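Notes to accompany the following structure.
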């Protein structure tokens, strides 16, 4: 899945022996250039140039260059930014706790049906946001399972798919597979003997968790948390399908662009959003190392 | 080994989390083949909704499959040589390029689509063709292909392989096509599965880039959730699951640990 080998995919010198010895088998610089041309052309024409033009486009806004600051100066956008940040952070914390316990459990215990459980938990990895939204409707919508059960038990139908709880559930739904894979990858690297040593020295369970397991898992938790957070910040399909009245930032951008044709503001907000997710992922990769591979982000 | 209450508590949480993931999938699959979901499964099972979805959305489903194939071709042709250069020539320039290459994944799809629309939205016939969506998909999936191939390439002893081939008189392109590419096949395969899966499911970019005549499967899904009865949305979701599940399972099998990639080292030893 491109996920099981964290840190493997990056080209860093440590992977390679020194080249010097025989250059005969090395392709000429011209060949290297030819090999890169298609990829470079695609990225330049369809990513770098558009990025540049968007950055310029922002200045068409009512306040010129100050349009860049609209996310901080306009109350509605600022509120949406804060809501999105809080929501994403909340989902990240809950996902980390749940997946930390479950991921560690799945790595440390062998039992019948274990691999099926892992397979099922990672199933939604590439579900589009819309499908995740629909899953929430199936769970907590008007015809949902939760409403059905509560109706049978108490005669009252519990429906929360269309408010903030539904959105939260949706974000949690697409976060779980990502986080669980990352937690399991780093849990596999932990040495069980350390825990045994701590236990044999008389440490109670909570101290083993706090002083041995958590520090070992921490890099994995931080990097998967960053991926989870960045994915949640940019998620659009789930909110779109649930059509909640909570304005997450991607929904605001969409509304500004399509309904209000407010292109400069949409561009400014997009750049702000992109900068937040990019900085969050780069910072973690810089501090924790290679394991925060953005390519585990997948769909959503 | 006796298992304490803690084992069962953790198992309970794991099963609960699994149910959270699986129950809605099963529910929607069931709703897609139920005569009337408001009356429940007791109203009978039918394939009527599936056929109705096919009548309504066959175009969008076929377009998605076509896009996935086109996306795979482009990302393979552009991505495999890129991965080779990044692994074989790790210097500041290629590393910087790799950073830029993965940016489209770090940035939300919505923002990326906006940039494409602002730049190329004015070119009418280009804007309204499927190629416009293809470009978005390629930007988003190319890093996955490159990463996957580079991972395999950096694990194989490319220097020895190439020297061996060169000493036998093979020129660069011959070496590349007949030694490097076959050895990198596991990475290409894993990348290909990822690219196809992501392309079929891509929504955030595609929703912004699509036109009424270039609707993809997920765009049609959003459309059916918003405007069709629950059974049709469910049946459509079921079709999506049937398309995507084999790919996901294949990816899980390919990524299973213990399945070591011996090809490269074996070949090196043979020589």
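General remarks:
- Those helices (runs of 4 or more DSSP H) of the range B:176-231 in which 2 or more residues are within 21 Å of residue A:234 (Cα to Cα) and free of Cβ contacts under 8 Å to residues at least 60 places away in the same chain occupy B:185-201, B:217-227.
- With respect to the conditions (1) at pLDDT below 90; (2) buried (at least 23 other Cβ atoms within 10 Å of the Cβ), residue B:206 falls short on a single one, namely (1).
- Residue in the range A:228-237 that is modelled with pLDDT of 85 or more, within 20 Å of residue B:107 (Cβ to Cβ) and more than 13 Å from the chain's Cα centre (by Cα) present: yes
- Residue among B:170, B:150, B:115 that alone is in contact with a helix residue (DSSP H, G or I) (Cβ under 9 Å, 6 or more places away or on another chain), part of a helix (DSSP H, G or I) and free of Cβ contacts under 8 Å to residues at least 24 places away in the same chain: B:115
- Those helices (runs of 4 or more DSSP H) of the range A:1-102 in which at least 3 residues are in contact with a helix residue (DSSP H, G or I) (Cβ under 8 Å, 6 or more places away or on another chain) and either surrounded by 13 or more Cβ atoms within 10 Å (Cβ to Cβ) or at pLDDT below 75 (or both), considering only elements entirely within it, cover A:29-43, A:49-57.
- Test: residue in the range A:137-158 that is within 9 Å of another protein chain (Cβ to nearest Cβ), assigned to a helix (DSSP H, G or I), farther than 27 Å from residue A:280 by Cβ and touching a residue at least 60 places away in the same chain (Cβ under 8 Å): yes
- Here A:170, A:216, A:166 are screened, and the one residue that is assigned to a helix (DSSP H, G or I), within 29 Å of the chain's Cα centre (by Cα) and farther than 30 Å from residue A:250 by Cβ is A:216.
- Residue B:9 farther than 15 Å from residue A:111 by Cα and modelled with pLDDT of 85 or more: no
- Among the residues of the range A:159-186, the ones that are within 13 Å of another protein chain (Cβ to nearest Cβ) and either surrounded by fewer than 20 Cβ atoms within 10 Å (Cβ to Cβ) or out of contact with any helix residue (DSSP H, G or I) (no Cβ under 9 Å at 6 or more places or on another chain) (or both) come to 2 in all.
- Unmet requirement for residue B:121, which otherwise passes all of (1) more than 9 Å from chain A (Cβ to nearest Cβ); (2) more than 23 Å from residue A:55 (Cβ to Cβ): (2)
- Among the residues of this structure, residue B:194 counts as one that is within 7 Å of chain A (Cβ to nearest Cβ), under 25 Å from the mean Cα position of the chain (by Cα) and within 21 Å of residue A:38 (Cβ to Cβ).
The values are calculated or read from the model by the stated rules, or taken from the named source; none is laboratory data. A quick note: this is a predicted structure, and the numbers were derived from the prediction, not measured. Because the Cβ atoms are built from the backbone with ideal geometry, glycine has one as well, and the counts that use them run over all protein chains shown.
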